[in-house]
Structure formats: C-alpha cells, structure tokens
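J.: Below are the structure tokens for one structure; questions will follow.
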Amino acid sequence: MGGGESRPINTPVQAGSTAAALVASGNGVSLSSDSVTVTIPPVSSAADSQRVSTTASVSTANIPTLELPLSGTSAQVSNAAAFVAIAASANFSQAQIETGTSIALTGANYAQVATLIDSISELMVVSASDSLNSTVGEAPGQVLVASALTNQPSFEGTLLAQSKNADPTENITINPSRLNIAIMAFNQIIDSSDDATIIALSKNSDFLAIASLLKQLRMSL
C-alpha cells in the first residue's frame, strides 16, 4: 500500500473528503494546519481480509496527542478517518472527536455525524445567580456547558448529568434552535443509513446516549 501523503488543511469539508479518498484507496494521509495535525497510516488487513485497521493521531498544541484505533470494514474505517479529519479541522474537542469516531465506525455518514456532534455541543446554557461563587474559582455568570466537555470520557453524558444534577440556584436554558438542528441531524443519520449501519448504531453506546439526551431535552421544552 502507498505511503502517507501530506496535505494542508484548507477547510474541514476538504479535509474530510481527502482523508476518505486516500484511506479508502489504501494510502495513509497527514493533514496539517497551524493548530492541528491529523496523521493516519495506511490500513493493514486482518487475516480474513474482510476487516482493516489503522490508528488516527490528532496532535494539537499544548494537548496530549489523541490516538484513535480504527477497525472495521474498509468503508467503515475510511468513513471514520474522514470524520476524524473533519472534526479535528473544525477544532472539535478531544471528547467530541472520540464520540463521533465511535459513531462513524458504524458506517454512519461522517459529515452527518459531524453535524450531529457539533450541534449538541451547545444545547444547554447554565446561568448562575450573581451572588453565587464558583467552586472552581471562575466568575459567576453564564457558562456554556460545552466549555466543560473537553477531555471528558463522554461529553453527551456530561450534558445529561448537568441537566439532572444542576444546583437549584442555577438555571438551565435549552437552545431550541440547536436542539432542532441536532434532532434533524440525528434523524438524517437514521434515514440515510443502510440496515447493517442501523443495527450497528442500535448497539453503539454513544449514539444511544445521544438519543436519550435529545429525547429528554425535547420533552423538557
């Protein structure tokens, strides 16, 4: 298989399509911008030749490199590689990239997964009373829940826990526009996926957690 090809990152969409094409053709790829570098070596084939694997690395300044094992069919792996590229290029947090990669490995369209992950990052806003003092030394006021998601093991789980365990003196406001976008993106993934992908999605803990989150937030409006 061919060696990795180094390309500059111009736009997230271009980064995703470039990664998809090169990984699907058996090549590795390295994409870089001023702030992030995505490196994906050529895939290796399993003994049964039906599955391939590689590891995507996302290097960002001042943050430990994120290593993402990618394993599945050639289509699933190239799809997940495209998600990693588009997400890293769009400055998604590491938690967002990990969650989206898990979902993209089911075969769900990487661009639709990116839209879903991006749309749920600012679904809720927590506003605290001016008289409250933050326990972590931050000034009171409006804080986007998304700001607390970096490096969390499950950022959709963090959102859900935030809504359940909010302090009585805090107000949680749901952004209806973002929620509508998230629900549309979620439904689009379902509608456009084939049977095998639907089955894989039904077993994916990250996708199921997002489904639960969206359902609860919709019911709260």
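J.: Per the Kirkwood definition applied to all pairs of different Cα atoms, how many angstroms is the hydrodynamic radius of the stretch 39-85?
T.: On the way: mean 1/r = 0.0900 Å⁻¹.
Computed over Cα pairs of the stretch 39-85, the Kirkwood hydrodynamic radius comes out at 11.1 Å.
J.: Ranked highest first by the average count of other Cβ atoms within 10 Å around their residues, in what order do 195-204, 87-96 fall?
T.: On the way: 195-204: 14.3, 87-96: 23.3.
Going by the mean number of other Cβ atoms within 10 Å, highest first, we get 87-96, 195-204.
J.: Whole number in Å², please: accessible area per residue of the stretch 16-117, 1.4 Å probe, ligands, DNA and RNA not counted.
T.: Roughly 36 Å² per residue, with all protein chains present.
J.: In whole Hz and in residue order, list the ³J(HN,Hα) couplings for the stretch 30-40 that follow from phi through the Karplus curve 6.51 cos²θ - 1.76 cosθ + 1.60, θ = phi - 60°; x for Gly and Pro.
T.: 10, 10, 9, 9, 5, 10, 8, 10, 10, 10, 10
J.: Sticking with this one: Hey, can you grab everything whose amide H is under 5 Å from the amide H of V29? Only 5+ residues off in sequence or another chain; H modelled, so Pro and N-termini drop out.
T.: Counting only residues 5 or more places away or on other chains, the set is E5, I40.
J.: Could I ask something else about it? Could you derive backbone 3J(HN,Hα) for the stretch 189-198 from the dihedral phi with the Karplus parameters 6.51, -1.76 and 1.60 (θ = phi - 60°), listing whole Hz in sequence and x where the residue is Gly or Pro?
T.: With the stated coefficients, the stretch 189-198 comes to 4, 4, 5, 9, 8, 7, 4, 5, 5, 4 Hz.
J.: Now, a different point. Can you list residues from other chains, or at least 5 along the same chain, whose modelled amide H is less than 5 Å from the amide H of T55?
T.: Amide H neighbours of T55, under 5 Å, 5+ apart: L70.
J.: Measure off 7 Å from each Cα along the Cα-to-Cβ vector at T60 and S45, then give the distance between these two points in nanometres to one decimal.
T.: Distance between label points: 3.6 nm.
J.: Under the Karplus relation 6.51 cos²θ - 1.76 cosθ + 1.60, θ = phi - 60°, what is the ordered set of whole-Hz ³J(HN,Hα) values for the stretch 9-26, x standing for Gly and Pro?
T.: Each residue of the stretch 9-26 in turn: 8, 9, 9, x, 4, 5, 4, x, 5, 5, 4, 4, 5, 5, 5, 5, 8, x Hz.
J.: May I ask for the net charge around N187, where only other residues with Cβ less than 14 Å from the Cβ of N187 are counted and Lys, Arg are +1 while Asp, Glu are -1? Don't skip to the answer; put the middle values down first.
T.: Numbers: positive: K215, R218; negative: D191.
My count for the surroundings of N187 gives +1.
The values are calculated or read from the model by the stated rules, or taken from the named source; none is laboratory data. Just so it is clear, the structure is predicted and the values come from calculations on it, not from any experiment. FYI the Cβ positions are ideal-geometry reconstructions off the backbone, even for glycines, and counts take in every protein chain you see. Only protein heavy atoms, including side chains, enter the accessible area calculation; ligands, DNA and RNA are left aside. Shrake-Rupley method; radii C 1.70, N 1.55, O 1.52, S 1.80 Å.
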